[in-house]
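Q: The structure follows.
The values are calculated or read from the model by the stated rules, or taken from the named source; none is laboratory data. Just so you know, these numbers come straight off a predicted model, no measurement behind them. Positions of Cβ are generated from backbone atoms using ideal geometry, with glycine treated the same way; all protein chains shown enter the neighbour counts.
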Amino acid sequence: MVVIACVAGAVGSSAIASELSAPIPIVKPGLKVTYAEAPKKIKSLEQARELIDTIGAPADPVPAFDFRDTEDGDPVMTASQPHNVAAEITGLIRIDEPGSYQFEVYSNDGVETKLGGQTIGYFDGVQGCEGNGVTEVEITEPGWYELTTLYFQKGGSSCLMMKWGKDGAELDWVPNDIFGH
């Protein structure tokens, strides 16, 4: 179990030692996204990171972490192409109550999602739209927490979404109105 603390108005930075951050300015809805649309097949998170760092271009923020399974040929998220897309998604997630939360990230294809610096979703390869395992996180203080995702889609359909539950309840899709940047 990972323990993440948040000081009112600040983002928790580590399960080991929370560091006080500058107060978060006014939070805008949605999550920031940077895309790298590659001419060749993306097969790993390492390759996705390299593409984001070299040819990544910021795009308009996405409204939420909710990109249901598409048909082959549909664009990846809000990118312009349907295949060979890397995305880096950054922002905040609002958690209103302390407690033990379970998270499961679904992806097609590779993904690494971190909450407050702790990995809550990871798959480095090619797969259909599947869950990548449940991770439990102990939230000690309500507030805004940093959320980062590195994602790639090689070919075929695409998806990127997340479920959560609190204190052992059945997992449900994370609501769209709790993301900000």
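Q: Just to be sure I understand, how many residues within the stretch 24-44 are touching a residue at least 60 places away in the same chain (Cβ under 8 Å), under 12 Å from Gln153 (Cβ atoms) and buried (at least 16 other Cβ atoms within 10 Å of the Cβ)? Before the answer, list the steps.
A: Pass one, the stretch 24-44, residues touching a residue at least 60 places away in the same chain (Cβ under 8 Å): 24, 27-32, 41-44.
Of the ones still in play, those that are also under 12 Å from Gln153 (Cβ atoms) are 41-43.
Imposing the further condition that a residue be buried (at least 16 other Cβ atoms within 10 Å of the Cβ) reduces the set to 42-43.
Number satisfying all stated conditions: 2.
Q: Answer yes if at least one residue in the stretch 17-26 is at pLDDT below 90 and over 30 Å from Glu136 (Cβ atoms), and no otherwise. Lay out the reasoning, then the answer.
A: Looking only at the stretch 17-26, we keep the residues that are at pLDDT below 90, and these are 17-26.
Then keep just the ones that are over 30 Å from Glu136 (Cβ atoms); that gives 25-26.
Yes - at least one qualifying residue is present in the stretch 17-26.
Q: Please determine whether any residue of the stretch 49-65 is in contact with a Leu (Cβ under 8 Å, 6 or more places away or on another chain), small (Gly, Ala, Ser) and in a helix (DSSP H, G or I).
A: No: zero hits.
Q: So, one more: Is it true that Pro82 is over 26 Å from Asp172 (Cα atoms) and in a strand (DSSP E or B)?
A: Working: over 26 Å from Asp172 (Cα atoms): yes; in a strand (DSSP E or B): no.
The answer is no for Pro82.
Q: Quick one: which of Val7, Val11, Val3 is outside any loop (DSSP other than H, G, I, E, B) and at pLDDT below 90?
A: On the way: Val7 fails: outside any loop (DSSP other than H, G, I, E, B); Val11 fails: outside any loop (DSSP other than H, G, I, E, B).
So the residue among Val7, Val11, Val3 that is outside any loop (DSSP other than H, G, I, E, B) and at pLDDT below 90 is Val3.
Q: Search the stretch 163-181 for residues that are basic (Lys, Arg) and pair each with any residue that is assigned to a loop (DSSP other than H, G, I, E, B) when their beta-carbon atoms are under 7 Å apart and the residues are at least 6 apart or on different chains.
A: So the pair list comes out as Lys163/Leu171; Lys163/Val174.
Q: Also: Would you be able to tell me the number of residues in the stretch 130-151 that are in contact with an Asp or Glu (Cβ under 6 Å, 6 or more places away or on another chain) and at pLDDT 95 or above? Working first, answer last.
A: The initial filter retains those residues of the stretch 130-151 that are in contact with an Asp or Glu (Cβ under 6 Å, 6 or more places away or on another chain), namely 131, 134, 142, 150.
Applying the additional criterion that residues be at pLDDT 95 or above yields 131, 134, 150.
Final tally of qualifying residues: 3.
Q: Still on this model: From Gly155, Gly121, Gly131, Gly165, which residue is in a loop (DSSP other than H, G, I, E, B) and among the small types (Gly, Ala, Ser)?
A: Gly155
Q: I would also like to ask the following. Please enumerate the residues belonging to the stretch 105-117 that are surrounded by 19 or more Cβ atoms within 10 Å (Cβ to Cβ) and either in a strand (DSSP E or B) or in contact with a helix residue (DSSP H, G or I) (Cβ under 6 Å, 6 or more places away or on another chain) (or both). Please lay out each step first, then the result.
A: First, the residues of the stretch 105-117 that are surrounded by 19 or more Cβ atoms within 10 Å (Cβ to Cβ): 105-113, 115-116.
Val105, Tyr106, Ser107, Asn108, Gly110, Val111, Glu112, Thr113, Leu115, listed by residue number.
To keep it simple, each residue is scored yes or no on (1) among the hydroxyl-bearing types (Ser, Thr, Tyr); (2) crowded, with 19+ Cβ neighbours inside 10 Å; (3) farther than 25 Å from Val27 by Cα.
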site: Asp72; (1), (2), (3): no, no, yes
site: Thr78; (1), (2), (3): yes, no, no
site: Ile89; (1), (2), (3): no, yes, no
site: Asp124; (1), (2), (3): no, no, yes
site: Gln127; (1), (2), (3): no, no, yes
site: Thr140; (1), (2), (3): yes, no, no
site: Trp144; (1), (2), (3): no, yes, no
site: Asp172; (1), (2), (3): no, no, no
site: Asn176; (1), (2), (3): no, no, no
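Q: Something else about it: Would you confirm, using the coordinates I've provided, whether Val33 is among the hydrophobic types (A, V, I, L, M, F, W, C) and either modelled with pLDDT under 60 or assigned to a strand (DSSP E or B) (or both)? Give the steps one after another, and end with the answer.
A: Numbers: among the hydrophobic types (A, V, I, L, M, F, W, C): yes; either modelled with pLDDT under 60 or assigned to a strand (DSSP E or B) (or both): yes.
Criteria met by Val33.
Q: Any residue at all in the stretch 96-105 that is within 20 Å of Gly156 (Cα to Cα), within 10 Å of the chain's Cα centre (by Cα) and not small (Gly, Ala, Ser)? Full working, then the answer.
A: To start, the set of residues in the stretch 96-105 that are within 20 Å of Gly156 (Cα to Cα) comprises 105.
Imposing the further condition that a residue be within 10 Å of the chain's Cα centre (by Cα) reduces the set to 105.
Now restrict to residues that are not small (Gly, Ala, Ser): 105.
Within the stretch 96-105, one or more residues are within 20 Å of Gly156 (Cα to Cα), within 10 Å of the chain's Cα centre (by Cα) and not small (Gly, Ala, Ser).
Q: On to the next question. Which condition does Pro63 not pass, out of (1) surrounded by 14 or more Cβ atoms within 10 Å (Cβ to Cβ); (2) modelled with pLDDT under 95, if it passes all the others?
A: (1)
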